[in-house]
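Worksheet: one structure, shown below.
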Amino acid sequence: MWLTASQALSRLGSKPQSLYASVSRGRIRAKSDPADSRKSLYSAEDVDRLAARSRGRRSATTVAAEAINWGDPVLPSAISTISNGRLTYRGRDASVLSRTATLEQVAELLWEAPLQDAPLEAGAAGAPGIAAALMTLAQLTASSPPSLGRSPLVLGIDASRVFHAVTDALLGRGTGPLHQRLAARFGRPEAVDTFRRALVLLADHELNASTFAARVTVSTGASLAAGALSGLAALNGPLHGVASSAVLALAHDIEGDPAGVEAGLRDWLGEGRVVPGFGHRLYPFGDPRAAELLGAFDVPAGYRALLDAADAVVGDYPNVDFALAALTDAFELPPDAPLTIFALARTTGWLAHMLEQVRSASIIRPRARYIGVSLQSADADAAQDDH
């Protein structure tokens, strides 16, 4: 359910400035009003949640529960943040960086350490790809020492070792900048600069699910390879790194609809399916990564039509999953290309967060809010069974 500004302000009992501040900080989702593009609509769910907060101090249990689900920040980090609709890496705008930087340069920025040459790992047999990366990391995990108690210098060398192992597993062994190796891997030299931009834009995204998995793993003292394995496993899900597959399916499904793309999108919604590739809770006014990447190549006509249809029917902006799907079709890449690009890029962010987590020397160990059978009930049931 979506509210007008006056309805949202009425529920919040606040001034317009407070509403706009909550939107810019990602606390309230907003989208353009289909009836009037000059106005915005606001998520009733988010508004009511903030209104409930203002009516009284929340309990620690409520604060913790909300923090895990797109809520307030829960871990201190100096690596990246999303604020006022912009993604920054150590204070530098990721969109601006993507216009000139390479992934290797961003890795050094995020790690605050040099990316070093590393000895070749044995690697996994078979074709390069996600499966090879998972197998390579599993082998490294079995042979790598714990991260606990190791010096920053040694950990930096280990980070480079893990990074090179993953890139070789994803792309095959080779030399040269990663965006050039990626273009060679897919046989698309004309896409080399677009790949470079995509890799930089996807390098990190604060405390996303895969990054959190990586940090939790090394917080136990496990190796950087083990943390990267956790991150890659979490990335390999339809709500995260594989989300572009749903966009590809949507685009191909409605592209040939004889009634038109907008009608096809309405049919898609009429079947109870969520429209993938649009909207992002942290970017109420549009994902800047998508905007930057979509401006770097000729977007196929079908995707341009889908953008227009989604604007009219859904009223949301495209996110980076949409951009990766459009890039895949624009350069006729294999269906697994978005996940390969995502994993290649995000490994840099996982390693940065793991290095930061190891320095904190603390374990991530939240508590569960138990909602099962109480001890008294269990005891009573057991006593009744004795009869």
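Suppose we filter segment 264-317 for residues that are within 20 Å of Arg196 (Cα to Cα) and either assigned to a helix (DSSP H, G or I) or out of contact with any Asp or Glu (no Cβ under 6 Å at 6 or more places or on another chain) (or both); how many remain?
Count: 13.
Restricting to segment 356-386, give me the number of residues that are assigned to a helix (DSSP H, G or I) and modelled with pLDDT of 90 or more.
5
Check every one of the helices (runs of 4 or more DSSP H) wholly within segment 1-71 and list those with 2 or more residues that are at pLDDT 65 or above and hydrophobic (A, V, I, L, M, F, W, C). It would help to see each step written out before you state the result.
On the way: elements: 5-12, 16-24, 44-54, 60-68.
Counting at least 2 such residues, we get 5-12, 16-24, 44-54.
Quick one: in segment 101-119, which of the residues that are in a loop (DSSP other than H, G, I, E, B) and within 24 Å of the chain's Cα centre (by Cα) is farthest from Leu155 (Cα to Cα)?
Here is the first cut: in segment 101-119, the residues in a loop (DSSP other than H, G, I, E, B) are 101-102, 112-119.
Narrowing the set further to residues that are within 24 Å of the chain's Cα centre (by Cα) leaves 101-102, 112-113, 115.
Working: Ala101: 24, Thr102: 22, Glu112: 12, Ala113: 10, Leu115: 12 Å.
Going through the qualifying residues, I end up with Ala101.
Given the structure, is Arg161 outside any loop (DSSP other than H, G, I, E, B), over 30 Å from Ala330 (Cα atoms), basic (Lys, Arg) and not assigned by TED's automatic domain parsing to the domain that holds Val320?
Yes; evaluated as a whole, the condition is true for this residue.
Quick one: how many residues across segment 173-187 are aliphatic (A, V, I, L, M), touching a Gly at 6+ places or on another chain (Cβ under 8 Å) and either crowded, with 21+ Cβ neighbours inside 10 Å or outside any helix (DSSP H, G or I) (or both)?
Number of matching residues: 0.
Of the residues Ala312, Ala323, Ala305, only one is touching a residue at least 24 places away in the same chain (Cβ under 8 Å) and either within 18 Å of the chain's Cα centre (by Cα) or at positive phi (or both); which?
On inspection, the qualifying residue turns out to be Ala323.
Restricting to segment 77-99, what's the tally of residues that are in a loop (DSSP other than H, G, I, E, B) and either within 17 Å of Asn319 (Cα to Cα) or free of Cβ contacts under 8 Å to residues at least 60 places away in the same chain (or both)?
Matching residues across segment 77-99 total 5.
Here is a check on your reading of the model: is Ala352 crowded, with 24+ Cβ neighbours inside 10 Å and either modelled with pLDDT of 95 or more or assigned by TED's automatic domain parsing to the domain that holds Val218 (or both)?
It is true that Ala352 is crowded, with 24+ Cβ neighbours inside 10 Å and either modelled with pLDDT of 95 or more or assigned by TED's automatic domain parsing to the domain that holds Val218 (or both).
Can you give me the number of residues within segment 151-172 that are surrounded by fewer than 18 Cβ atoms within 10 Å (Cβ to Cβ) and touching a residue at least 12 places away in the same chain (Cβ under 8 Å)? First the steps, then the outcome.
Of all residues in segment 151-172, those surrounded by fewer than 18 Cβ atoms within 10 Å (Cβ to Cβ) come to 151-154, 157, 172.
With the extra rule that they be touching a residue at least 12 places away in the same chain (Cβ under 8 Å), the set shrinks to 152, 157, 172.
Matching residues across segment 151-172 total 3.
From the list Glu206, Glu190, which one is surrounded by fewer than 23 Cβ atoms within 10 Å (Cβ to Cβ) and outside any loop (DSSP other than H, G, I, E, B)?
So the residue among Glu206, Glu190 that is surrounded by fewer than 23 Cβ atoms within 10 Å (Cβ to Cβ) and outside any loop (DSSP other than H, G, I, E, B) is Glu190.
Could you tell me which residue of segment 72-108 is modelled with the lowest pLDDT, considering only residues that are out of contact with any helix residue (DSSP H, G or I) (no Cβ under 8 Å at 6 or more places or on another chain) and among the aliphatic types (A, V, I, L, M)?
Residue satisfying both the conditions and the ranking: Ile82.
The values are calculated or read from the model by the stated rules, or taken from the named source; none is laboratory data. Note that the coordinates shown come from a computational prediction; the quantities given were computed from them, not determined experimentally. Ideal geometry is used to build each Cβ from the backbone, glycine not excepted, and the neighbour counts take in all protein chains shown.
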